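Engineer: Take a look at this one; I'll ask things after.
The values are calculated or read from the model by the stated rules, or taken from the named source; none is laboratory data. Predicted model, so just to flag it, every value in this text is computed and none were measured. Glycine also receives a Cβ, built like all others from the backbone with ideal geometry; neighbour counts cover every protein chain displayed.
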Amino acid sequence: MIYKQVQTEAYFKKPDNKIKAVLLYGQNEGLIAEYTKKFVQTVAKDLYDPFAVAYLDWDNVKSDFGALASEYNSQSLMGVRRVVVVKEADNNLTKPLAEMLEKSKSDTLLLIVGSASLNNKSSLVVLANTNNDMAAVACYEDRDENIVSSVKAMLAEQEITYTTEAFMMLCARLSNDRMSNANEIQKLITFVGSKKHFESDDVKAVVFDQAISGIDDLCFYVFSGVKTRALNSLKYLLNEGVEEVQITRALIRHVAKLLEAKGFTESGLSAIEAIKKVLPKNMFYRYDMGANQLGRWSRERLFDVMELLYKTEKDCKTTNMPAAEALSYTVLTLLSAAAKLAR
């Protein structure tokens, strides 16, 4: 069944043991990380309790699904409820998962963290949406009001005080990704130290201004072939400690938005009307650039780019090549393609 924010927060306060499995998916990696922690803690307060918590990588599970079934059906040596977490799962899990949940009587909570490729039409998401034993939790980018509330919660948890002006400046400098925001807030908390209070000058000193050179800017520069600005943005992001995988996934999301907009143009909308449907209103200044990209990149080329970016993400995680080098090579490849398409 579909779990919205209200239902999810209610579950954290009073878990529903009828739910055998939870699927977390979407582009907001920070929210997924936060929810993963909270769902695990509904079973075990210690995230790494060896008797109650097990973490499995999808690469291992898909080669031996029996390992997941065995782990899921195992009983705790301490007689407590268990939780099994599967990371980066994709649609190949759909059929064996449905069969396992139908047959099993285990009270173990199965927490599935979906891969970046999942969307509302994915078979795994459809299964979770329509199965009363499962909860599907979509984790999309935060809206402005979500940013304010989540930042207040993070600061309150650490007992940090602030001036109104400083808080407004902090929120203005943050992005729609909760993980990136959490990193910036932690930098600020470390900077102010024992005084546990920050003002505007503190924010200016340590918080990366996403509005100046954010990941979204990099995506637009890359697919428009604006080489100098794209490379400067990439360099700035890497120097600020933004992880290569996070940047790669942002590029993947940008391609997904272009593909979604392509669908609207094929149904009769103009390029600018289509872009307005897929971009948030606060990015109005990118409408023209986005519409131009729709005309430049065909659906087939965008699918090719998506495949390249998935490979780049994998290379960043698994190969001996430095992640920054792998990402930079991909960005240069895309910039070259964009330049050719503009001719």
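Engineer: Only residues that are farther than 19 Å from GLU34 by Cα and at pLDDT below 90: list them for the stretch 173-199, please.
Structural biologist: ARG173
Engineer: Given the condition aliphatic (A, V, I, L, M) and without any contact (Cβ under 8 Å) to a residue 40 or more places away in the chain, answer yes or no: does some residue in the stretch 240-249 qualify?
Structural biologist: Pass one, the stretch 240-249, residues aliphatic (A, V, I, L, M): 242, 245, 247.
Those left that are additionally without any contact (Cβ under 8 Å) to a residue 40 or more places away in the chain: none.
No, the stretch 240-249 contains no residue that is aliphatic (A, V, I, L, M) and without any contact (Cβ under 8 Å) to a residue 40 or more places away in the chain.
Engineer: Here's a check for you: in the stretch 9-32, which residue that is at pLDDT 90 or above and small (Gly, Ala, Ser) is nearest to the chain's Cα centre (by Cα)?
Structural biologist: Filtering first and then ranking leaves ALA21.
Engineer: Still on this structure, I have one more. Checking THR94 against (1) farther than 25 Å from LEU174 by Cα; (2) in contact with a Ser or Thr (Cβ under 8 Å, 6 or more places away or on another chain); (3) modelled with pLDDT under 90, which single condition isn't satisfied?
Structural biologist: Looking at each condition in turn, THR94 falls short on (3).
Engineer: When you go through ALA52, ALA69, ALA89 one by one, which is the residue that is surrounded by 15 or more Cβ atoms within 10 Å (Cβ to Cβ), over 16 Å from ALA21 (Cβ atoms) and in the same structural domain as ILE19 (by TED's automatic domain parsing)? Give the derivation first.
Structural biologist: Values: ALA69 fails: over 16 Å from ALA21 (Cβ atoms); ALA89 fails: over 16 Å from ALA21 (Cβ atoms).
That would be ALA52, the only listed residue that is surrounded by 15 or more Cβ atoms within 10 Å (Cβ to Cβ), over 16 Å from ALA21 (Cβ atoms) and in the same structural domain as ILE19 (by TED's automatic domain parsing).
Engineer: If I filter the stretch 33-65 down to residues being small (Gly, Ala, Ser) and modelled with pLDDT under 90, which single residue comes out as nearest to the chain's Cα centre (by Cα)? Spell out how you get there, then give the answer.
Structural biologist: Residues of the stretch 33-65 that are small (Gly, Ala, Ser), as a first pass: 33, 44, 52, 54, 63.
The next check asks that each one be modelled with pLDDT under 90; those that pass are 33, 63.
Details: ALA33: 9, SER63: 25 Å.
Checked the stretch 33-65; the qualifying residue nearest to the chain's Cα centre (by Cα) is ALA33.
Engineer: Of all residues in the stretch 80-121, count the ones that are over 16 Å from the mean Cα position of the chain (by Cα), among the hydroxyl-bearing types (Ser, Thr, Tyr) and under 29 Å from LYS311 (Cβ atoms).
Structural biologist: Residues meeting the conditions: 1.
Engineer: While we're on this one: Here is a list: LEU309, LEU269. Which entry is part of a helix (DSSP H, G or I) and aliphatic (A, V, I, L, M)?
Structural biologist: Numbers: LEU269 fails: part of a helix (DSSP H, G or I).
After applying the criteria, what remains is LEU309.
Engineer: Assess whether LYS311 counts as being charged (D, E, K, R) and farther than 26 Å from ASP57 by Cβ.
Structural biologist: Numbers: charged (D, E, K, R): yes; farther than 26 Å from ASP57 by Cβ: no.
When the stated conditions are applied, LYS311 does not pass them.
Engineer: Just wondering, is there one or more residues in the stretch 235-243 that are at pLDDT 90 or above and assigned to a helix (DSSP H, G or I)? Before the answer, list the steps.
Structural biologist: Residues of the stretch 235-243 that are at pLDDT 90 or above, as a first pass: none.
No - not one qualifying residue is present in the stretch 235-243.
Engineer: Please work out which one of (1) at negative phi; (2) surrounded by 18 or more Cβ atoms within 10 Å (Cβ to Cβ) is the condition GLY26 fails and give its number.
Structural biologist: Going through (1) at negative phi; (2) surrounded by 18 or more Cβ atoms within 10 Å (Cβ to Cβ) one by one, GLY26 breaks only (1).
Engineer: Grab the helices (runs of 4 or more DSSP H) fully contained in the stretch 99-173, keeping just those with 3 or more residues being acidic (Asp, Glu).
Structural biologist: Filter on the stretch 99-173 gives 144-157.
Engineer: Could you tell me which residue of the stretch 99-113 is surrounded by the fewest Cβ atoms within 10 Å (Cβ to Cβ), considering only residues that are of a type in the set (A, V, I, L, M) and over 12 Å from ILE19 (Cα atoms)?
Structural biologist: That would be MET100.
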